[in-house]
1. Among the helices (runs of 4 or more DSSP H) contained in the range 7-114, which hold 1 or more residues that are touching a Ser or Thr at 6+ places or on another chain (Cβ under 9 Å)?
2. Do you know which residues across the range 62-106 are of a type in the set (Asp, Glu) and either within 28 Å of Leu24 (Cβ to Cβ) or touching a residue at least 24 places away in the same chain (Cβ under 8 Å) (or both)?
3. Being in contact (Cβ under 8 Å) with a residue 40 or more places away in the chain and more than 16 Å from Asp10 (Cα to Cα): is that true of Leu109 here?
4. Restricting to the range 52-106, count the residues that are surrounded by fewer than 16 Cβ atoms within 10 Å (Cβ to Cβ) and β-branched (Val, Ile, Thr).
Amino acid sequence: MSDLGSTGLDREQLRDVTLNDEELMREILNALVEDTSRQIRLLESAIQEQNATRCMHLAHYSKGACANLGANAAADLFREIEQRAAGHDFGECVVALGRLAQEVDSLRLAAASV
């Protein structure tokens, strides 16, 4: 397998989940990137509306999906957004969302390099 780059991606966990199948790794990472990108757009809207409950639900869903596949940096950022939204700290949600977008770009590159 090619190096997955310097992302917050636990390569061993991804290998375990995919039984070290490189094609499956690419497919799963691409699906994660697509889904996470969609969730980011929904989170942007929920943050703009200052809808804490919706932010928390969206972040929680994505946090689990990322954690299951070893995308730990993204999972941590979703966890942060979930916690910040619970405290109605929407300014910090925006900051974390920006870092999350960068992490998703890194995951996109990792998928391309599998």
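1. Passing ranges, in order: 22-48, 52-69, 72-86, 90-112.
2. Selection gives Asp76, Glu82, Glu103, Asp105.
3. Judged against the criteria, Leu109 is not a match.
4. Of the residues in that region, 3 qualify.
Values quoted throughout were computed directly from the atomic coordinates according to the rules given, and no laboratory measurement underlies them. Model, not experiment: these values are computed from the prediction. Ideal geometry is used to build each Cβ from the backbone, glycine not excepted, and the neighbour counts take in all protein chains shown.
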